[in-house]
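Structure first, commentary second.
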Amino acid sequence: EPEVTQTPSHQVTQMGQEVILRCVPISNHLYFYWYRQILGQKVEFLVSFYNNEISEKSEIFDDQFSVERPDGSNFTLKIRSTKLEDSAMYFCASTLTDGIPFFGQGTRLTVV
Amino acid sequence: TQLLEQSPQFLSIQEGENLTVYCNSSSVFSSLQWYRQEPGEGPVLLVTVVTGGEVKKLKRLTFQFGDARKDSSLHITAAQPGDTGLYLCAGATNSGYALNFGKGTSLLVTP
């Protein structure tokens, strides 16, 4: 069964460092998303991406965040200068046009 | 941001009991999804409901979407320990595919 793959599963980084979280969406999907879940809190939408551009973003997705689809298969989330409060599980998701999103297993980001 | 309120927040029951969890909002959703999430893992889609009043069944799980498409319920019949997990509802509005999630109902089924 096709699935969304995320790497790494766990990333530890020092405050102020840049991190790149990687995702391989399901191959025939067209819409791509990043969500995050701070420990003990609800899953929050960050950004959606379609046709090589951001289609929607939340207020969380500020100038420190960026997304890219560099090679037609990978979908990345970059955090330029990490803060302690960026520590969370980050989930990538992808959908066909019908909007039913399938989530990856997540990357646990720990900022120290 | 459209808020989704899930209740109860925690539920602990014995194997074989029935239960219902609820997902409520003041907003209308074009679709509503139910997910199950295990600790440290991503949400796994259980069902999507689209039409007001729609009822979908998945083995012992019954999902209902409210007539006004503002609320939903998940009913589990004869719960089993394998049903233990966090159940999340998430709604999409007509303005896009971004999902608004509830905080979830954490279910524990003991033998």
(message) I need the trypsin sites (Lys or Arg not before Pro) found in region B:43-101, filtered to DSSP loop residues with at most 13 other beta carbons within 10 Å of theirs.
(response) B:Lys59, B:Arg60
(request) Please give the peptides A:42-48, A:85-91, B:80-86 ranked by average Cβ packing (other Cβ atoms within 10 Å per residue), highest first, as a rough proxy for protection. (result) A:42-48, A:85-91, B:80-86
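Grab the alpha carbons of the protein assembly as shown, take their convex hull, and tell me the volume per residue in Å³. Please report the intermediate quantities before stating the final value.
Numbers: hull volume 27.0 nm³, N = 223.
About 121 Å³ per residue, rounded to a whole number.
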(message) Can you compute 3J(HN,Hα) from phi for each residue in region A:19-28, using the Karplus curve 6.51 cos²θ - 1.76 cosθ + 1.60 with θ = phi - 60°, rounded to whole Hz and x for Gly and Pro?
(response) 10, 10, 9, 10, 9, 10, x, 4, 4, 9
(message) Quick check for me: using +1 on Lys/Arg Cβ and -1 on Asp/Glu Cβ, what's the dipole size of the protein assembly as shown about its Cα centre, in debye to the nearest 20?
(response) 180
(message) With the cut-off at 1.5 for a/c, could you classify region B:25-91 from its C-alpha gyration tensor as rounded, prolate or oblate?
(response) oblate
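With +1 on each Lys and Arg Cβ and -1 on each Asp and Glu Cβ, and nothing else charged, work out how big the dipole of region B:1-64 is about its Cα centre, in Debye to the nearest 20.
On the way: 5 positive and 6 negative charges, 51 e Å.
Using Cβ point charges on Lys, Arg, Asp and Glu, region B:1-64 gives about 240 debye.
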(message) Name the residue from A:Gln11, A:Phe102, A:Phe45 whose Cα lies farthest towards the positive end of the charge dipole of chain A, charges +1 on Cβ of Lys and Arg and -1 on Cβ of Asp and Glu.
(response) A:Gln11
(request) Compare the Cα positions of B:Phe29, A:Ser87, B:Thr51 along the charge dipole of the protein assembly as shown (+1 at Cβ of Lys, Arg; -1 at Cβ of Asp, Glu; about the Cα centre) and return the one farthest towards the positive end. (result) B:Thr51
(message) Nothing charged except the Cβ atoms of Lys and Arg (+1) and of Asp and Glu (-1): what's the magnitude of the dipole of region A:5-111 about its Cα centre? Round to the nearest 20 debye.
(response) 300
(message) For peptide A:33-41, what's the mean number of Cβ atoms from other chains within 10 Å of each residue's Cβ?
(response) 2
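Express the relative contact order of region B:5-110 as a whole percentage, based on alpha carbon pairs under 8 Å and six or more residues apart in sequence.
Numbers: 265 pairs, mean separation 38.6, N = 106.
Relative contact order comes out at 36 percent.
FYI, it's all coordinate maths here, none of it is from the lab. The structure presented is a predicted model; accordingly, all values stated were derived computationally and were not measured. Glycine gets a Cβ as well: all are built from the backbone with ideal geometry, and neighbour counts include every protein chain shown.
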